[in-house]
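Student: I am attaching a structure below and will ask some questions about it afterwards.
The values are calculated or read from the model by the stated rules, or taken from the named source; none is laboratory data. Everything numeric here is computed off the predicted structure, so don't read it as measured data. Please note: Cβ atoms are built from the backbone with ideal geometry, for glycine as well, and neighbour counts cover all protein chains shown. Heavy atoms of the whole protein, side chains included, go into the accessibility calculation; ligands, DNA and RNA do not. Shrake-Rupley method; radii C 1.70, N 1.55, O 1.52, S 1.80 Å.
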Amino acid sequence: MLAGIAAWTAWLFAIVRTHHHEFRTQKFDLGNITQAVWSTAQGRPLEVTHASGEQLSRLAGHVDPVLVLLAPAWIVAPTPLTLAFVQIAACALGAIPVYCLGVKHLGSRALGLASGLVYLAYPWLAWVALDVVHPVTLAIPLLLFAVWFLDEDRLVSFSIVAALASLCGELVGVTVAALGIWYAVARRRARAGLAIAAAGVGWTAFALYVIVPRYSGEESVFYGLYETVGGSPQGVLWTALTDPATILEQLASHRNLSYILALSVPLAGLFLLAPALAAAAVPQLLANTLSDMPTTADAYWHYTSVVIPILVAATVLGAARLATRARLLAAGVLLGLCAGLSAILGPWPQLWSTSRLVPHQAWYGGTPPAGHIDALRAAVALIPPDAPVSSTGKVGAHLSARRYVYSVPVVRRAEWIVIDERDPAVAPGVGASATARVRRGVADPAIIERFLARIDASPGWKRVFSRSGVHVYRRTRVDVGQP
């Protein structure tokens, strides 16, 4: 099992490392996570440069203080790839509790090993691990350990990993609460299960209604993703009571049905044989499928992180309900399905081919011409380590370990600007709808073109580098404001 974990980690990290060196990773989200961890290591916990240009705590958007725990790793190896490695390795370690569940419930070490391999071969796990970096992804192994500890009635150990999982995102508490309900039903421990449920819901409510407003000064910007169904948790509940047809229409969209099918097929739907545990995935599935943003219900993205551990654990427990002889057949079918679908849908061929790219790490308009990557590297090398900078998205992933790092066309305090004409991603919300404020940025070549024209015409900026569509500007007058 450990050999499989190590090989899986090394393979995926090789892909991410290649993508980062080829400028395929983005400021959103690798860059802003890098800045949050770097700031913490500098003594300013979770400080980031908001898309608007303001300096804020990351808690103004996402409540994922688990990032504080990554600061020591950054101090030891100060590179964004350290954070990427931690995410991938954490996902891989989820195979350990899956193996333990398999040994216990399926009755042999061989079937436990098969369970762990099914988890590693599950195609969407690899994609989520490659979507660097998202704190909620760190919840995957923690939730799997949480299931294992509850299954073993080890409530103290469960409390520790459940608390850590809840620190990975503001909504994770609801899934922890659902695990409490499962425990109450499965173990008939109503008092303990309801206490877990209350603590989980309480954390999410505290995160959404106290922490986020405290640091942002307003309600969560992510409520904008749910405008169709009510625009807030209470709004969604009101819509469900007064206009359930709207909720059903949203849930039954082709996008959402395809999403559920994509999650279910590799596991042959066996999690349905353990319905009480599988139900713990419902809160996050509802959050994903009720959203107006397409990527939340797309298995390639990190929004599936909280769903994966529940479905995999429920699959193991579901398989345990089969006859003893049927379990071996089920293990073979699951391994075949996951491995086969990974070969077709997964990221594995990218280690030796760039023809299939991680969807959110691809180049706009196709593979850049020869010399473009070298030009980007030369441009990054010109920027002093601590200088405030504004840049396009993919360059920003390499320049975010500093206090002030803006996304064009926002400039504010920037002393340097790096623009890549082949990467027209602009700051989220610039020239876009309210929903787009929380996306990774908006690809708008026209904004980049106008921005370049303003910078070139401004006496406050001087172009000091230009090659292969990559331009670097340096501020020449400190009294010149944003162009």
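Student: Mind listing the phi-derived Karplus ³J(HN,Hα) values for region 13-24, rounded to whole Hz, using 6.51, -1.76 and 1.60 with θ = phi - 60°, and x for any glycine or proline?
Tutor: Taking θ as phi minus 60°, the curve returns 5, 4, 5, 5, 4, 4, 5, 5, 5, 8, 6, 9 Hz for region 13-24.
Student: Could you give the dipole magnitude of the chain about its Cα centre, charging the beta-carbon of Lys and Arg +1 and that of Asp and Glu -1, in debye to the nearest 20?
Tutor: So the dipole magnitude of the chain works out to roughly 780 debye.
Student: Also, quick follow-up: Only four residue types carry charge here, +1 at the Cβ of Lys and Arg and -1 at the Cβ of Asp and Glu. Report the dipole size of region 1-90 about the Cα centre in Debye, rounded to the nearest 20.
Tutor: Using Cβ point charges on Lys, Arg, Asp and Glu, region 1-90 gives about 120 debye.
Student: Something else: What aspartates and glutamates could a cross-link reach from Lys394, if we take a straight Cα to Cα line under 15 Å and drop same-chain neighbours fewer than 8 places away?
Tutor: Glu22, Asp29, Asp131, Asp374, Asp420, Glu421, Asp423, Asp444
Student: Another one. Report the local net charge at Asp153: Lys and Arg +1, Asp and Glu -1, summed over other residues whose C-beta lies under 9 Å from its C-beta.
Tutor: Summing Lys/Arg as +1 and Asp/Glu as -1 gives +1.
Student: Right, next: Taking amide hydrogens as modeled 1.01 Å from N in the peptide plane, which residues meet the under 5 Å criterion relative to Phe465, leaving out close sequence neighbours?
Tutor: Val472
Student: What number, rounded to the nearest 500 deg cm²/dmol, is the helix-based mean residue ellipticity at 222 nm of the chain, given -39500 (n - 2.57) per DSSP H run of at least four residues and division by all its residues? Walk me through the numbers before you get to the answer.
Tutor: Numbers: 22 runs with 250 residues, N = 483.
Rounded to the nearest 500, it is -16000 deg cm²/dmol.
Student: Would you work out the Kirkwood radius for the chain? I mean one over the mean of 1/r across all pairs of different Cα atoms, in Å.
Tutor: Numbers: mean 1/r = 0.0428 Å⁻¹.
Computed over Cα pairs of the chain, the Kirkwood hydrodynamic radius comes out at 23.4 Å.
Student: Can you list residues from other chains, or at least 5 along the same chain, whose modelled amide H is less than 5 Å from the amide H of Tyr406?
Tutor: Here the answer is Val389, Ser390, Ser391, since their amide H atoms fall under 5 Å of that of Tyr406.
Student: In the chain, what percent of the accessible surface is made up of carbon and sulfur (1.4 Å probe, ligands and nucleic acids excluded)?
Tutor: C and S atoms contribute 64 percent here.
Student: What accessible area per residue, rounded to a whole number of Å², is obtained for region 28-99 using a probe radius of 1.4 Å?
Tutor: Heavy-atom accessible area per residue stands at 32 Å².
Student: Tell me, what is the percent relative contact order of the chain, built from C-alpha pairs under 8 Å that lie six or more residues apart? The partial results should precede the final answer.
Tutor: Values: 866 pairs, mean separation 86.7, N = 483.
About 18 percent, as a whole number.
Student: Please give, to one decimal in nm, the separation of the simple spin-label points placed at Lys462 and Arg17, each 7 Å out from Cα toward the Cβ.
Tutor: About 4.0 nm, to one decimal.
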